[in-house]
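A short worksheet on the structure shown next.
The values are calculated or read from the model by the stated rules, or taken from the named source; none is laboratory data. Just so you know, these numbers come straight off a predicted model, no measurement behind them. These accessible areas exclude ligands, DNA and RNA; they are computed on the full protein's heavy atoms, side chains included. Shrake-Rupley method; radii C 1.70, N 1.55, O 1.52, S 1.80 Å.
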Amino acid sequence: MNLSPDAITIAGSVAVLLPTLYFLIASPTFLLRGFDDPVVTWLFRGLLSFHFKLIAIGSVLGVGAYLFSNHPAFAAGLAAIGFSAIAVRTWFLARMDMEIGARDAGDAGAIARMRALHWRSMAYNATQFATLVAIIVLVL
């Protein structure tokens, strides 16, 4: 089986696009429940953590695919997305952990701050999704 460079590029693009699309679909469901429930908070924190890990892994695959198909500028763009996913994951999880601790200590405002983090994560993901689609459209 002999794959063309375009097929490899598409596969690399899908590797990073799928986790972004999944988060785009899954994260709004957390708007239906409050973060006063520890199970909801635990699930959302896990979704955030796993999402950003998958973006980093998918970006590595995408960078390899774009380099293989001779698109180094777009590979650099995907590398930037991967590195930012690692940094943003650390930022989001640290804030979630801080707000979970504040909620458990009785801070009534912590739930509102967690909801704001939720909205920020959805906005970040939507921007990331739009950027990835733009990269894919320009390459293919």
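Assorted remarks:
- As a ratio to 2.2 N^0.38 Å, the alpha-carbon radius of gyration for the range 83-122 is 1.20.
- Solvent-accessible area per residue, Å², over the chain with all protein chains present [probe radius 1.4 Å]: 53
- Stretchable slack from Met122 to Thr90, in nm (0.36 nm times residue separation minus alpha-carbon distance): 9.9 nm
- Accessible surface of the chain, 1.4 Å probe, proportion on carbon and sulfur as whole %: 73
- Sorted from longest to shortest, the spans of the Cα atoms of the range 29-140 along the three principal axes equal 55, 21, 18 Å.
- Spherically averaged projected area of the convex hull of Cα atoms, the range 1-55: 4.6 nm².
- Inter-part distance, the range 66-85 to the range 103-120, computed on C-alpha centroids, equals 35 Å.
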